[in-house]
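Worksheet: one structure, shown below.
The values are calculated or read from the model by the stated rules, or taken from the named source; none is laboratory data. Just so it is clear, the structure is predicted and the values come from calculations on it, not from any experiment. No Cβ is skipped: glycine too gets one built from the backbone with ideal geometry, and neighbour counts run over all protein chains shown. These accessible areas exclude ligands, DNA and RNA; they are computed on the full protein's heavy atoms, side chains included. Shrake-Rupley method; radii C 1.70, N 1.55, O 1.52, S 1.80 Å.
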Amino acid sequence: MSWQVNYALDFLPKTYAGITAEPLGGDLIKLSVIHQPDVVAAISGAREIDATIAEFYFKLSPQIDFLCGYRKECVWHGAAIQFLEERGIGWGTPGTLGTASQAGKARGAPHKDFKFSHRLLLQTRSVVTGIERHYDRLYDITVKSGRTLRVGLLLEYEPIADSVRSFWDRFGAVDVFWNINPNGSPTLEAISAAKDLGCQVLKWDDFKEYMEKA
C-alpha cells in the first residue's frame, strides 16, 4: 500500500469516533460508520490535484464517493474540482473526509476549508455575476459593474507577509486577497506586503464592499 493509504487507515479511525477503515487495494479505502452509508474514498499523495488525476481515480473506480488529497499543502485545480462536483464526488482533506463520513455526507462534500467562502460568493448575486475558479484558492470574480477581479484566498488565521508574498509568487498577481478564516485577521505585515504589491488583504465585509465599488 502507498504511504498515504497507510496513514489514512491509521489516522481516520483514531481521530473520528465511530469510523472503521479497511483497504480496498491500490489507493482505495472503505470507511464504515454505524447508521451511515459506507464511503469509498481514493487517497492521493499528490501535491497538486489536477483534472488528469481526478479523471484517473474516477476511471479506476467510478463508484468512489470522495477523493482525498492527503498532503496538508495539497492544491486543487479548478478543472479537477469541477470534474468531481459534476459527478457528485466529494473532495478535500482527511479532515473533510472524516467529518463528512461521520455525518453521512461524504459523497459530494466540498473541501471544508473553502466550503463557506465559496458558498458566500454563490449567495452574493447582488454583487457577484460570474465566478471562474482556477484553483481551490484562486478565482476570477465578475462583479455587477462588469469588471473581473482576480481574488486570492488566504486560509491562515492571521496571514503574515510571507503568506501574501508566497501566494503571489506561486499563483501570480491578484487584485485583492480575501482572508477567509472567520476567526482571525491579517497582520499589519501582511497588509503592508499586499500594499507593496499594489493590492489589499480584506475580510468578508470589506471585501464585499470592495466588490460593490469595483
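The numbered conditions (1) touching a residue at least 40 places away in the same chain (Cβ under 8 Å); (2) open to solvent by 30 Å² or more (accessible area, probe 1.4 Å); (3) assigned to a loop (DSSP other than H, G, I, E, B); (4) within 24 Å of Glu73 (Cβ to Cβ) are all true for Phe116 except (3).
Filter the stretch 146-173 down to the residues that are of a type in the set (A, V, I, L, M) and open to solvent by less than 10 Å² (accessible area, probe 1.4 Å), then identify the one that is farthest from Ile131 (Cα to Cα). The selected residue is Val164. Summed over the stretch 29-47, residues that are open to solvent by less than 70 Å² (accessible area, probe 1.4 Å), without any contact (Cβ under 8 Å) to a residue 60 or more places away in the chain and under 23 Å from Glu73 (Cβ atoms) total 6.
In the set (1) under 27 Å from Glu55 (Cβ atoms); (2) out of contact with any Asp or Glu (no Cβ under 6 Å at 6 or more places or on another chain); (3) of a type outside the set (Ser, Thr, Tyr), Gln36 fails one condition alone, (1). Quick one: is Ala214 of a type in the set (A, V, I, L, M), under 30 Å from Ile34 (Cα atoms), open to solvent by 10 Å² or more (accessible area, probe 1.4 Å) and in contact (Cβ under 8 Å) with a residue 60 or more places away in the chain? So Ala214 does not fit the description; no. Summed over the stretch 1-16, the residues that are at pLDDT 95 or above and more than 21 Å from Glu73 (Cα to Cα) give a count of 3.
Selection within the stretch 65-107: residues that are assigned to a strand (DSSP E or B) and of a type in the set (Gly, Ala, Ser). The member of this set that is surrounded by the fewest Cβ atoms within 10 Å (Cβ to Cβ) is Gly90. Give me a count of the residues in the stretch 48-64 that are touching a helix residue (DSSP H, G or I) at 6+ places or on another chain (Cβ under 9 Å), open to solvent by 20 Å² or more (accessible area, probe 1.4 Å) and part of a helix (DSSP H, G or I). Going through the stretch 48-64 one residue at a time, the tally reaches 5.
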